[in-house]
Protein chains: 2
Amino acid sequence: MSSPFVHFQPIGAKVEARKDSSLLDLARDSGVALESICSSLGKCGKCKVIVKSGGKALGKVTESEKRILDKRELKDGVRLACQARVASPANITVTVPEDSMRGHHRLLASGIERKIDLLPAMHKYVLKIPPATLRDLRADDDRLLQVLKIKVKRQLEVSPGVHRHLPEALRSSSWTTTVTIFRDKEIVRAEPGDTTARLFGIAADIGTTKVVAYLLDLRTGEVLGNESSPNPQIPFGEDLMSRIAYTNKNPKGLEELQRVVAHGLNTLIFKLCADRGLIPDDILEVMVVGNTAMHHIFFGIPTTHLAAAPYAPAVRTSLSVNPPHVGLNTYPFGKVSSLPNIAGFVGADAVADLLSSGLYDDREIGMMIDIGTNTEIIAGNKERLVSCSCASGPAFEGAHIKFGMRASTGAIERVWVDPASYEVRLRTIDDAQPRGICGSGIVDAVSELFGAGILEPSGKIIVSESNPRTRTTADGQAEFIIAQGKETISGYNISITQHDVQEIQLAKAAIFAGVSILMKRLRLKPSSLKNIYAAGAFGTYVDASSAIRIGMYPDVPVDRIRFIGNAAGSGARMCLKSTKMRDLTDKLSRKVEYIELAAEKDFQQEFAQAMFLPHRDLSRFPSTKKLESRRPSSR
Amino acid sequence: MSSPFVHFQPIGAKVEARKDSSLLDLARDSGVALESICSSLGKCGKCKVIVKSGGKALGKVTESEKRILDKRELKDGVRLACQARVASPANITVTVPEDSMRGHHRLLASGIERKIDLLPAMHKYVLKIPPATLRDLRADDDRLLQVLKIKVKRQLEVSPGVHRHLPEALRSSSWTTTVTIFRDKEIVRAEPGDTTARLFGIAADIGTTKVVAYLLDLRTGEVLGNESSPNPQIPFGEDLMSRIAYTNKNPKGLEELQRVVAHGLNTLIFKLCADRGLIPDDILEVMVVGNTAMHHIFFGIPTTHLAAAPYAPAVRTSLSVNPPHVGLNTYPFGKVSSLPNIAGFVGADAVADLLSSGLYDDREIGMMIDIGTNTEIIAGNKERLVSCSCASGPAFEGAHIKFGMRASTGAIERVWVDPASYEVRLRTIDDAQPRGICGSGIVDAVSELFGAGILEPSGKIIVSESNPRTRTTADGQAEFIIAQGKETISGYNISITQHDVQEIQLAKAAIFAGVSILMKRLRLKPSSLKNIYAAGAFGTYVDASSAIRIGMYPDVPVDRIRFIGNAAGSGARMCLKSTKMRDLTDKLSRKVEYIELAAEKDFQQEFAQAMFLPHRDLSRFPSTKKLESRRPSSR
């Protein structure tokens, strides 16, 4: 019998339930980055987890927990991971709320997955085949297909990989054979004996900057683990456009980019498998999402035409190819599938976002926003959906920002500015000394500076002697010091410059112009938006109030903003688990109308208006009007 | 305008129609081995050809021709190739009768092809695609599929290779695109512009000893050329069984044999293409036939179980895979297809033979015999067909025969023995000095020796002083000298030994036992057999009377024996040209009943009886009885 395990959900990590270890220790051992900043003293309350099953195996709720947790939390099985220790080893399942995770793993947020019925594309059947004898001379394939005919009524194709293993698969386990069938139409594998216990798949989100892969047990739908790495195409160009340019300039460029990303994904898959005693050949299907450019490059499809008007993608429809076609090392006659794309800049990842958000099924009007270098927006409800893509640029990833950095240890992620004293409070990732400022921190900073009257609606930083944190540098640029040298790791000030503010204005204006065009198309007012689904890492961590205050999100009550995490990843997992979801995405990708902003005559005007904080037309931001009244009257 | 050509049919060779050249010279230039043994003097009459079109471009019929050709021949357009010269260059089409070919090319006999409607699996459509604009943002695949929907009503799959070329295929010839569709269901290629003039395929017969490939223009059905080479698997084992044993003994053996035969076929394809300004990437489909073992090895399917009872093949059904799966260099998203197999030793080549013979469609009862190391026999008519395979061994290829050799220059191919004087007349291939004796020569020799009373019905050579060509060698073996040292190239006698006779008895007994079992199963007498279709090189060149006299073929009037040449090759070509034929073979392979001789209780007895010349039961060979009366009464 194998040892009992603690399973951490939704990450899918698994670790032996060692007696006397705290859940926090076990979590860390298994790579789950639980937050805790009180040295496991049970004081900070940051390492909350919810014990889903096996709670009896844990020691009793401690006094510290009783102090920190409220009655309802205690009733729901919430524990502090640093306090809850394994008393008698048993299988324990623990859910780690998004809030309790930090640092790197926050970016890996698995995304919210809606409940779906398991209906994977790959299905296994165990067959008892009548043996070949001199009285029954049928060929192996006839023999197999005739038995299978009873179970599957459809005409089946046989993949060429099956033929090569048929004699062995039939004979080496006394004519008991397991066949794997893809989508009830193609036999892709024949193996000796009963292998139905092994049914594994990979869901992969190929982002421009990060590749994330999830290993799933397709019998249960359970996420067995995830791994991520930076997209290995980064050295060929930070953003999409420079990578496309690379493929245009270099005859073998596309091949090269394809190869490196396939290699990167192979590495993740290998690790996911190795950690669980599997090999890549055990993986029957890989479900891939990514933006249209990442999708095209991954499948070896030229992207040249994505970079020039009218930006038509080569492929909209969902694909299913054999792994060697894209250089993956998984079972060669298995599949590598993709979700469909919508347009050149609204790709399979946006379709996954849409699926994961549930917006397509809502009666109420809503909007899904996935912010990145390109921001995809889909608005509408079950009746009608419209989409667009905004060139929001990399400012939210910290690029082109003087002290910008990615969301990693030491990045300032939250900023509060006291409107009276101009005092600044910060929160950094891992509570480390500040090294720089990440996307959510910049948005917070701009929002707070605006709220505190330090920024004009035009974005101009008001440099004033009464505000010692403001100054004009030698090159004539205004800036606001957000962290002073004595606090920072480098010993130098970390500031927000006029240029930084402008970058944020450009980025948020691009997004809000898209939002406005979609709303116009659907004749919506902000108040009719009942839900805004914020997808992606940035969308999850950016403070919703700040995003509204700077005019990036439409002005809705904050509780209407729903964080759906890495929705691309969860959409990919949903489609890996269910062909019904997959078929639905095919319908959705045809149904969603695409608006090319470049072809919209209102776009420039919308963009220009949205450059203001929060917007030139304040009637669109009634809540900001209210805030205005709280601003210091004059300086 | 390109120069006019002379086309040689059915070989498919093509050569520029150079003024003043004789058809014989042009034939030789293009690799067609026309017979002529009179140094082009127009005396031997061996180089007869039939001018099908363009005859006016040739000089007038010469006096020599008038001497050699009869009126009917002259009327039919028969010419002597050495005499007919190009007077004014124009396109000329010439049919080369089998009888006029010699040496190597005789073995390449293209086989008789029945007339069929052209209906290739690959079809090209030229499409005018609406350009992508900011007002029409559809993806390339949607754009293409919507135009195609008007032409092809079925739901189409798109091969992954198409996606990679779609943007280029649509845009680089002003939105005129040619798509290639396989069997009305899968788009396998998209190319810029109108490429409908290029539609090429390869038919290949992978024999145990020889690989033959034909290049076809699938628009016209024309054979543009053929190439052959020894099967490069020969170094791994002369016969099937030793190759199967090789794959069993060596872990990478199957892979190795697969690779060498694919490489061999690639070489033939490359040559066929290069000679006509094509590249392998122009080849859209390769249609392969071969016996079951050759078929399995070519597709990388294990053959272990073909070598042991019950000899069940892994695959009966016809296959279609992408060329890289089997290592062919043709268009990677095109197809490599096979005809179906019937049983472990009645393979796709026999199905092709059957198709080419037309037996499956005959009202009259008949039999198709394809003699080789394994001899496949199919008997019946359109109502019912039964088949078997006989282990006839390699004696007819000259193996295990003292002076045996393959059918090449210097091989004795015809033998006449004067029953009175025992004088021997010979014919050798290319009329060269005798080097050895090939299959048809050995059968002739045994038949003639038997007819001349030199062999007893048991096969024993009667050594007699009155017959100076008979003797007993030092090792006690009787032999008959067929060519004396003064005639042969080596200067030594060429003889038929007692052992040689026995080898032929074993081989022919194996065949006739199979013939007998099939006839019993169908309750046939020899007289009910209206047609015997003799397929394959050996079947084409062996003298039918001799084959009947030794008891290899059933005793039917000689004019019922029809030579269908390399029927496997012609069957492959027919299926390459017509999906209707292909679908028919799928039905035939299920319809043909297979009799495993090893499981037939009568087999041993039939075999033993057939060891006699012509048979122990002479009632089965009434014509031989008649011959008996012509035999010298006693010695």
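A short reminder: the numbers here are calculations on the coordinates, not readings from a lab. Just so it is clear, the model here is predicted, and its values are computed rather than measured. Note that we place each Cβ from the backbone using ideal geometry, even for glycine, and neighbour counts take in every protein chain shown.
Here is how the numbers come out for the structure above:
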| read-out | value |
| --- | --- |
| Label distances, nm, residue A:66 versus same residue in remaining copies, Cβ-directed 7 Å point | 13.2 |
| Most positive-pole-ward Cα, B:491, B:242, B:365, against dipole of chain B from beta carbon charges | B:365 |
| Cβ-based exposure ranking for B:126, B:51, A:351, in which fewest neighbours within 10 Å come first | B:126, B:51, A:351 |
| Contact order relative to length of segment A:122-192, as percent, for alpha carbon pairs under 8 angstrom and 6 or more apart | 42 |
| Extension gain from residue B:308 to residue B:229, taking 0.36 nm per residue of separation minus the Cα-Cα distance | 25.5 nm |
| Charge dipole (segment A:207-348, unit charges on Cβ, about Cα centre) - positive-most of A:254, A:221, A:310 | A:310 |
| Stokes-Einstein diffusion coefficient of the protein assembly as shown, Kirkwood radius over Cα pairs, 20 °C, 1.002 mPa s, in µm²/s | 59 |
| Nm distances between copies for residue B:281, ranked from closest, using label points 7 Å along Cα→Cβ | 3.3 |
| Order of B:305, A:165 under a 10 Å beta carbon neighbour criterion, fewest first | A:165, B:305 |
| C-alpha long axis of helix A:439-451 to longest principal axis of chain A, angle in ° | 30 |
| Among A:350, A:326, A:133 the positive-end extreme of the charge dipole of chain A (Cβ point charges) | A:133 |
| Degrees between helix B:160-171 axis and first principal axis of chain B (Cα, 0 to 90, nearest 10) | 50 |
| Nearest-first distances (nm) between copies at residue A:198, label 7 Å from Cα via Cβ | 4.4 |
| Relative contact order [Cα under 8 Å, 6+ residues apart], chain A, whole percent | 12 |
| Efficiency of FRET from Cβ geometry, residue B:580 and residue A:18, R₀ 56 Å, rounded to 0.05 | 0.20 |
| Acute angle (nearest 10 degrees) that the helix B:579-591 long axis makes with the longest principal axis of chain B, alpha-carbon atoms | 50 |
| From the C-alpha gyration tensor of chain B, square roots of 5λ in Å | 46, 31, 21 |
| Neighbour-count order for B:365, A:297, fewest beta carbons within 10 angstrom listed first | B:365, A:297 |
| Length-normalised contact order of segment B:402-499 in % [C-alpha pairs under 8 Å, at least 6 apart] | 24 |
| Where labels lie 7 Å past Cα in the beta-carbon direction, separation of residue B:174 and residue B:604 in nm | 8.0 |
